[in-house]
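**Student:** The structure's right below; bear with me while I get my questions together.
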Amino acid sequence: MSTRQPDEVALSVIIPCYNQGEYLLDAIASVEDCFEANFELIIVNDGSTEPLTLEVLDYLQNQGYSIIHQPNQGLATARNVGIKLAQTEYILPLDADNKIKPDYISKGIEILDQFPRVGVVYGDVEFMGDRTGIWQVPDFDHTRLLQGNYIDACAIFRKTLWQDCGGYDPNIPDKLGFEDWDLWLSALEKGWEFYHIPEILFNYRVRANSMVTRCLIPENQAKLIRYFRNKHQTLYD
């Protein structure tokens, strides 16, 4: 069990943002609704150019939020930059167009404090945007994970796991995405355990022009799968 003091900050929420200013305030508000949790919030502006996004980021910076500005380098690098600066032992990446439920942080911290070998905690999903409904995510199954990713990046994990796995891979072909799947495969290789909380813990925004949509184009998907199978050959063998 944890010996952390009640007011000690245990978790950092990392929000990369690239031209998603219209959603960013909602994402931040969802984090700040976690009244029972102590956290730090780090926003990484990954070279945004869209005027509304720049206006929102300027407003947030004037309000005292921690914002890291960098040239556009892709989602993997943006997350890595934020996590590297995090002063806590636990990490929650949150995409700028998604939202978390009020008790996600406290429940994730509780599990990681209780089970030292658990490196990743994830929950069920409520869709919003172009699609609505509930996704009851399966309990962890390493064979299922090898076949495809079913654990979203919006999972709580130990910073030591991220370090152990070398962080998110910035060299994924064409920066297409699925860097979260790659991190989970690396964690599996390193012997980390995964813990599923069977409750809706975050909202995932479905958008027609999202990175995931681009990844699922058959040609791109085949390219990504080849890359991951070569990189994680011992798992697939």
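The values are calculated or read from the model by the stated rules, or taken from the named source; none is laboratory data. Predicted model only: the values in this text are computed from it and were never measured. Glycine also receives a Cβ, built like all others from the backbone with ideal geometry; neighbour counts cover every protein chain displayed. All accessible areas refer to the heavy atoms of the entire protein, side chains included, with ligands and DNA or RNA removed. Shrake-Rupley method; radii C 1.70, N 1.55, O 1.52, S 1.80 Å.
**Student:** Find which of Ala187, Gln147, Pro16 sits farthest along the positive direction of the dipole of the chain, computed with +1 on the beta-carbon of Lys and Arg, -1 on that of Asp and Glu, about the Cα centre.
**Tutor:** Among Ala187, Gln147, Pro16, the one farthest towards the positive end of the dipole of the chain is Gln147.
**Student:** Beyond 18 Å between alpha-carbons counts as too far, so tell me which of Lys175/Lys231; Lys190/Lys223; Lys190/Lys231; Lys84/Lys175; Lys84/Lys223 fall in that bin.
**Tutor:** Lys190/Lys223; Lys84/Lys175; Lys84/Lys223
**Student:** While we're here: Putting +1 on Lys and Arg Cβ atoms and -1 on Asp and Glu Cβ atoms, find which of Pro138, Ala76, Leu92 reaches farthest to the positive end of the dipole of segment 68-138.
**Tutor:** Comparing the listed Cα positions along the dipole, Ala76 ranks first.
**Student:** With label points built 7 Å along Cα→Cβ from the Cα atoms of Asp139 and Val9, find their separation and express it in nm.
**Tutor:** About 3.6 nm separates the two model spin labels.
**Student:** What fraction, in whole percent, of alpha-carbon pairs in segment 64-127 exceed 19 Å separation?
**Tutor:** 46 percent
**Student:** Taking only the Cα atoms of segment 1-79, how large is their convex hull per residue, in Å³?
**Tutor:** It comes to 102 Å³ per residue, whole-number rounded.
**Student:** Roughly how big is segment 88-177's charge dipole about its Cα centre, with Cβ charges of +1 (Lys, Arg) and -1 (Asp, Glu), in debye to the nearest 20?
**Tutor:** 100 debye
**Student:** Taking a probe of 1.4 angstrom, what is the accessible area of Tyr65 in Å², to the nearest 10?
**Tutor:** 60 Å²
**Student:** While we're here: How big is D, in µm² s⁻¹, for segment 1-155 by Stokes-Einstein at 20 °C and 1.002 mPa s if Rh is the Kirkwood radius over C-alpha pairs?
**Tutor:** 129 µm²/s
**Student:** Can you show me the helix-derived [θ] at 222 nm for the chain, built from DSSP H runs with n ≥ 4 at -39,500 (n - 2.57) apiece and divided by the number of residues, rounded to the nearest 500.
**Tutor:** For the chain, the value works out to -11000 deg cm²/dmol.
**Student:** Along segment 145-160, what does the Karplus equation 6.51 cos²θ - 1.76 cosθ + 1.60 (θ = phi - 60°) give for ³J(HN,Hα), rounded to whole Hz, x for Gly and Pro?
**Tutor:** 5, 5, 7, x, 7, 10, 10, 5, 4, 7, 10, 8, 9, 6, 5, 5
**Student:** Now a separate question. Rounded to the nearest 0.05, what FRET efficiency do Gln70 and Ala29 have when you use their Cβ-Cβ distance and R0 = 22 Å?
**Tutor:** Approximately 0.35, to the nearest 0.05.
**Student:** While we're here: What is the magnitude of the charge dipole of the chain about its Cα centre, with +1 placed on the Cβ of each Lys and Arg, -1 on the Cβ of each Asp and Glu, and no other charges, expressed in debye to the nearest 20?
**Tutor:** 740 debye
**Student:** For the pair Gln114 and Gln233, what calculated FRET efficiency results from E = 1/(1 + (r/R0)^6), where r is the Cβ-Cβ distance and R0 = 41 Å, to the nearest 0.05?
**Tutor:** The computed FRET efficiency comes out at 0.75.
**Student:** Could you list which residues have their amide H under 5 Å from that of Ile200, counting only those 5 or more apart in sequence or on another chain, with H placed in the peptide plane?
**Tutor:** Counting only residues 5 or more places away or on other chains, the set is Asp124.
**Student:** Give me the percent of DSSP beta bridges within the chain that run antiparallel, rounded to the nearest 5.
**Tutor:** 25 percent
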